[in-house]
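First comes the structure, then the notes that go with it.
The values are calculated or read from the model by the stated rules, or taken from the named source; none is laboratory data. As the structure is a prediction and not an experimental result, all values here were calculated from the model. Here the Cβ is made from the backbone with ideal geometry for all residues, glycine too, and neighbour counts use every protein chain on show.
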Amino acid sequence: MNKVYARPKALKKAVFHYCPGCGHSIIHRLIAELVEEMDIQDNIIGIPPPGCSVFAYNYLDVDMLESAHGRGAAVATGIKRANPDVLVFTYQGDGDLAAIGTAETIHAANRGEKITAVFINNAVYGMTGGQMAPTTLLDMKTTTSPYGRDEKIEGSPIKMSEMLALIKGAVYIERTAVNSPASIRKTKKALRKAFQVQIDNLGYSVVEILAPCPTNWKMGVLDSWKWVDEVMVKEFPLGVVKDTTGL
């Protein structure tokens, strides 16, 4: 019998440390599949700043370089400019890209850096205890907003993809999810296109991925996946936010 589904070569034989139902493990697999399918394992560098995915180098068998919290875009810029023929991607959470790393992200996009941002949005600080993040929804309870996020006190959720879409150098931005087989397939397609945008030197690309966080949302796995569809996508609609690539 022919094997039709196997571990990608770019995915190490290591047990994920992620909580059950977390989206990171799914996204890691998708990246590993694309690395193999696009034959770029020897020509790709990942930048995972601190966050739940800080140990991504334990799972993805590609060159990886850590950055300080929020500095993924800045480090990726330096690597890409020194090695323009290498595919460089950041792997950042909402507490990183949309908070401490906002300046680096916006200015990298404004310069049209030929890098790709894989932006994981689970609306909470996952690694440090479930605090409110810039993308936390209104009325959503976290350890630092125990009564729910109050717009008058903490403001509204930041929509980074829509903000970045206003910048000329950002040429491809899509928001997807990983809470169903159909959404997982769309996410892989978006990641493939984002990598191709970089290979073709067209500009800055972003794939924002809505990912469940059952532990910090204090939900069961199935309920957290339903919550993405029933609540989260109302604030963060799925689909292509910007595409000027012509691909």
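Only one of Val35, Val88, Val4 is over 26 Å from Met163 (Cα atoms) and touching a helix residue (DSSP H, G or I) at 6+ places or on another chain (Cβ under 8 Å). Can you tell me which? Lay out the reasoning, then the answer.
Numbers: Val88 fails: over 26 Å from Met163 (Cα atoms); Val4 fails: touching a helix residue (DSSP H, G or I) at 6+ places or on another chain (Cβ under 8 Å).
Sole residue among the options that is over 26 Å from Met163 (Cα atoms) and touching a helix residue (DSSP H, G or I) at 6+ places or on another chain (Cβ under 8 Å): Val35.
Can you report the number of residues in region 45-79 which are surrounded by fewer than 23 Cβ atoms within 10 Å (Cβ to Cβ), free of Cβ contacts under 8 Å to residues at least 60 places away in the same chain and outside any loop (DSSP other than H, G, I, E, B)?
Residues in region 45-79 being surrounded by fewer than 23 Cβ atoms within 10 Å (Cβ to Cβ), free of Cβ contacts under 8 Å to residues at least 60 places away in the same chain and outside any loop (DSSP other than H, G, I, E, B): 12 in total.
Exactly one of (1) part of a loop (DSSP other than H, G, I, E, B); (2) in contact (Cβ under 8 Å) with a residue 12 or more places away in the chain; (3) basic (Lys, Arg) is unmet by Lys13. Its number?
The one condition Lys13 does not meet is (2).
May I ask you to verify whether Met163 is over 28 Å from Leu202 (Cβ atoms), surrounded by fewer than 19 Cβ atoms within 10 Å (Cβ to Cβ) and touching a residue at least 24 places away in the same chain (Cβ under 8 Å)?
Here the answer is no, as Met163 does not meet what is asked.
Which of (1) in contact with a Pro (Cβ under 9 Å, 6 or more places away or on another chain); (2) in contact (Cβ under 8 Å) with a residue 12 or more places away in the chain does Met219 not meet, given it meets every other one?
For Met219, the exception is condition (2).
Tell me which residues, restricted to region 230-247, are part of a loop (DSSP other than H, G, I, E, B) and in contact (Cβ under 8 Å) with a residue 24 or more places away in the chain. Steps first, please.
Let us first name the residues in region 230-247 that are part of a loop (DSSP other than H, G, I, E, B), namely 236-238, 244-247.
Matches in region 230-247: Phe236, Pro237, Leu238, Thr244, Thr245, Leu247.
Could you tell me whether region 220-229 includes any residue that is surrounded by fewer than 17 Cβ atoms within 10 Å (Cβ to Cβ), among the charged types (D, E, K, R) and either in contact with a helix residue (DSSP H, G or I) (Cβ under 8 Å, 6 or more places away or on another chain) or assigned to a strand (DSSP E or B) (or both)? Break it down into steps so the answer makes sense when it comes.
From region 220-229, those surrounded by fewer than 17 Cβ atoms within 10 Å (Cβ to Cβ) are 220-223, 226, 229; that's our starting set.
From what is left, the residues that are among the charged types (D, E, K, R) are 223, 226, 229.
Applying the additional criterion that residues be either in contact with a helix residue (DSSP H, G or I) (Cβ under 8 Å, 6 or more places away or on another chain) or assigned to a strand (DSSP E or B) (or both) yields 223.
Scanning region 220-229 turns up at least one residue that is surrounded by fewer than 17 Cβ atoms within 10 Å (Cβ to Cβ), among the charged types (D, E, K, R) and either in contact with a helix residue (DSSP H, G or I) (Cβ under 8 Å, 6 or more places away or on another chain) or assigned to a strand (DSSP E or B) (or both).
For region 137-155, does any single residue satisfy the condition of being aromatic (Phe, Trp, Tyr) and over 22 Å from Val231 (Cα atoms)?
Filtering region 137-155 for residues aromatic (Phe, Trp, Tyr) gives 147.
Narrowing the set further to residues that are over 22 Å from Val231 (Cα atoms) leaves none.
Looking through region 137-155, none of the residues is aromatic (Phe, Trp, Tyr) and over 22 Å from Val231 (Cα atoms).
Among the residues of region 144-160, which ones are of a type outside the set (Gly, Ala, Ser) and without any contact (Cβ under 8 Å) to a residue 60 or more places away in the chain?
If we filter region 144-160 for residues that are of a type outside the set (Gly, Ala, Ser), which is where we start, we get 144, 146-147, 149-154, 157-160.
Within region 144-160, Thr144, Pro146, Tyr147, Arg149, Asp150, Glu151, Lys152, Ile153, Glu154 meet the criteria.
For Ile27, work out the one condition from (1) modelled with pLDDT of 95 or more; (2) farther than 16 Å from Asp96 by Cβ; (3) in contact with a Phe, Trp or Tyr (Cβ under 9 Å, 6 or more places away or on another chain) it doesn't fulfil.
Result: Ile27 fails condition (2) only.
Here are the criteria: (1) in a loop (DSSP other than H, G, I, E, B); (2) at pLDDT 95 or above. Tell me which single one Val171 does not satisfy.
Single failed check for Val171: (1).
Would you confirm, using the coordinates I've provided, whether Pro84 is under 15 Å from the mean Cα position of the chain (by Cα) and either in a loop (DSSP other than H, G, I, E, B) or surrounded by fewer than 22 Cβ atoms within 10 Å (Cβ to Cβ) (or both)? Spell out the reasoning first.
Numbers: under 15 Å from the mean Cα position of the chain (by Cα): no; either in a loop (DSSP other than H, G, I, E, B) or surrounded by fewer than 22 Cβ atoms within 10 Å (Cβ to Cβ) (or both): yes.
So Pro84 does not fit the description; no.
Could you check Gln198 against (1) in contact with a helix residue (DSSP H, G or I) (Cβ under 9 Å, 6 or more places away or on another chain); (2) surrounded by fewer than 20 Cβ atoms within 10 Å (Cβ to Cβ); (3) not in a loop (DSSP other than H, G, I, E, B) and say which number it fails?
All conditions are met except number (2).
Please verify whether Ala109 is at negative phi, in contact (Cβ under 8 Å) with a residue 40 or more places away in the chain, part of a helix (DSSP H, G or I) and crowded, with 17+ Cβ neighbours inside 10 Å, treating the condition exactly as stated.
On the way: at negative phi: yes; in contact (Cβ under 8 Å) with a residue 40 or more places away in the chain: yes; part of a helix (DSSP H, G or I): yes; crowded, with 17+ Cβ neighbours inside 10 Å: yes.
Spelling it out, Ala109 is indeed at negative phi, in contact (Cβ under 8 Å) with a residue 40 or more places away in the chain, part of a helix (DSSP H, G or I) and crowded, with 17+ Cβ neighbours inside 10 Å.
Given the condition under 22 Å from Val228 (Cα atoms) and in contact with a Pro (Cβ under 7 Å, 6 or more places away or on another chain), answer yes or no: does some residue in region 176-189 qualify? Give the derivation first.
Filtering region 176-189 down to residues under 22 Å from Val228 (Cα atoms) leaves 176-189.
Imposing the further condition that a residue be in contact with a Pro (Cβ under 7 Å, 6 or more places away or on another chain) reduces the set to 179.
Yes, because at least one residue in region 176-189 is under 22 Å from Val228 (Cα atoms) and in contact with a Pro (Cβ under 7 Å, 6 or more places away or on another chain).
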